[in-house]
Structure formats: C-alpha cells, structure tokens
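Report on the following structure.
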Amino acid sequence: LHGALGAMAENSLVVAQHGLADGELAAWFAAHVGEVAACRRLPMSDGHGASGEADAPTLVEPTLVELMLENQVEIAAARFARHFPGAAVRRAEAGDFAPAEPEDEVVVRLSLGTSPGGVEVAVASRPGIGRGTGAKLWSGGILLAEWLARGAGGLRAAEDCSPRPPVELVGRDVLELGAGCAALPSMVAAGRGARHVVATDLLADLVQAMKNNLASNGLLDTSCRVQDGSAGCTDGGVVEARVLDWLAAGRAENTPEGQFDVILFADCIYTERGAFLLADAVKSMLRRGGVVVGALPDFRVGVSSFEDDLRACGFEAAIAVLDRDLLDAATRPHHEYESAEVLTGESVEGYRILVWRQFVSENAVR
C-alpha cells in the first residue's frame, strides 16, 4: 500500500527558554493542558526561524511538543506563555519537521477476525511526531475493527447483563466518526456487507491520507457525490471519505436520508467539551432505531460525561464481553510494529466496547 501523509502541525508547538528538562516539560503540558504524544529537541535556530523570516526570534534549546489533540494548540500556547513569561512559544510550522522520505513509510498489515470470513487490510503511516493525532493507528480502532470482524456479538445489557443482539452491518448505512488515516472499522464494515460506509475526520490532510489507504485496499468510493444530504449512494463494498466537523454536524437538521443506521467511533473522547460535541453529532446523525458503537478507554476525561449524555437522551447501553483471544489479537500489532512508531498506545486493557440503542418512547429526548 502506498499513501502520502503530509507533515501536519495542527497539534504541535515549539517552546524554548523555559528551563525545563524534557520530562518536566511533558509533565507540565499533561498537567495544564492535556495528554502529550511526544517531545523532541530541535536544532538551534539560525535566527530566521522555521519560516525563514529574518525578523524571527532566535530560539535557545527549542523543543517540539506534540499534543494528542489538534484543537488544543492555541490554549496550550497561551497557558505556557502566561506560566513562563520569559519563554518563547509559537505554533509549529512545516519547516520544523524533517521531510518524510518515501522509504520512511511503514505499512501495517492486519488480519482482522477469524478465518474463514476474516478481513485483510494494510494501512500506511509514517513514524515520528508532527503527523497529527489521526495519522497513527490507535488501540481502540484496532480493537473495534477486530470485534466487528468477529461478528460484533457477545453483548450484555449494562443494567442487568441480559443478552442483547449483535450489531447488524449487512445492508446498513454506516458512519465512522474520527476515523483518522486508517479507518479500520469502516474497512471492516464494508467487508462485512454494509450498504454504504462513510468514514470521516475533521482535518482535510487526514481525510486525504484516509483516501489513499482506502484506495490501496480497493475500498475507496470514487463514484459517490452527496446531494441533498443523502447518506447512501453506492451498492456497498466501498467506503466514502469525508471531512466532518462535529460541531456543525450536531447543529444540522438531518433528514432520515442523511442519517445512518450504525455510527462507529473509537478513541474519540479526550475532553469534556469533546464528549458533548461527539454526543450531539451522534444524536443528530443517527436514524431512528439505529445503534451507536464505541470503543472507550476508561482512563480518559469526558468518557463518563458522554455516557451520561446518551443515557439522559433515552439510550440504553450494552457492553461487549471481550474474551482473551480477542484482546490478544487486538494487542498483537503493537508488539509487531513497536519499533516503527506508527501505533499509539500499548494494549487494549481498560477498554470497553459499548453499543447504545435508543428507547422508542414519546418521552425520549432527541
């Protein structure tokens, strides 16, 4: 598989003259802003800065800081400048990242599910920082894709542990939110007989990388031209890639034709605000009688708020029973590609897969 991931600076900033060691720097950002993906020292500036402008300040011991989220950079820069008045801080620029050579590209090959009926996919990424949160494969996405490939069953009601039916993909319109460059759950949904699959992310560069990966797997929908908000425009087996803003999606007045039977997401919640934006987008884009499927790590801020929001809107949750074989299969890629720096996370321990169905009730809040 061949795909090109452009250098992305949306989630990175450069700081200098702060007096902190690398470990202390990462700890400060984690405590005052949010999760840090990586920190890396940059060469000393020649006085012209990454942009080459002659009036750019010289940075002493500059460090590139990659945050987990693209939308936290402005907040991070403001807080850092206020906390360290004598420090220098700016958004990262393309010149801060070493140009990616074609041979740097890593192809992650995955066999999802059990044979027969498994799904074979290959996803290209590039190692290092500065590629954006969605430019790597995540534990939750691999886990959700593996579970879908194995039949999406083993569900028990969260309230009383009574059995619940598996998630049906055949003939359904499926939407994935926050799919990143890989869109693994979308690939599996297309391979499992979904009528139409749409994989989305906020950043255009990520969506282009997603298209490259889908095309190389023979799954890119190139025929679909969405009109009047229609969700379905193919005969299945392929995936359409779109840019989607959760805020706009949550405020949109969608007709059933523009909604979906199944909405998938994995590793999409990091903040309280993000949890509410995701919940609003889900409720706006889900067809009546549809299901929401999410892979959630218990240790992230906002997860409980998302669950509370759906519960308040009349959704009933079921939890998937994840056996040891499934968990081991979802963790295996991290061991196989550990040195390549293209996967985020280590194991899927602490993750849950939840499925929400909305009560059909006159009193349900929409």
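The values are calculated or read from the model by the stated rules, or taken from the named source; none is laboratory data. No experiment lies behind these values; they were computed from the predicted model shown. Quick reminder, even Gly has a Cβ in these numbers, built from the backbone with ideal geometry, and neighbours come from all protein chains shown. Ligands, DNA and RNA are excluded from the accessible area calculation, which covers all protein heavy atoms including side chains. Shrake-Rupley method; radii C 1.70, N 1.55, O 1.52, S 1.80 Å.
Some values worked out for this structure:
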{"read-out": "Pair Leu247, Ala94: separation of 7 Å Cα→Cβ label points (nm)", "value": "2.6"}
{"read-out": "Mean Cβ neighbour count within 10 Å, used as a protection proxy, ranking 205-217, 170-182 highest first", "value": "170-182, 205-217"}
{"read-out": "Local electrostatic count, Leu322, Cβ distance below 14 Å [Lys/Arg +1, Asp/Glu -1]", "value": "-2"}
{"read-out": "Full-stretch length increase - Glu272, Glu74 - with 0.36 nm per residue and alpha-carbon distance subtracted", "value": "69.5 nm"}
{"read-out": "Highest to lowest packing among 138-146, 153-161, scored as the average C-beta count within 10 Å", "value": "138-146, 153-161"}
{"read-out": "Glu74 accessible area, 1.4 Å probe, all protein chains in place, Å² to nearest 10", "value": "110"}
{"read-out": "Ordering of 280-292, 75-87 by packing [mean C-beta count within 10 Å, highest first]", "value": "280-292, 75-87"}
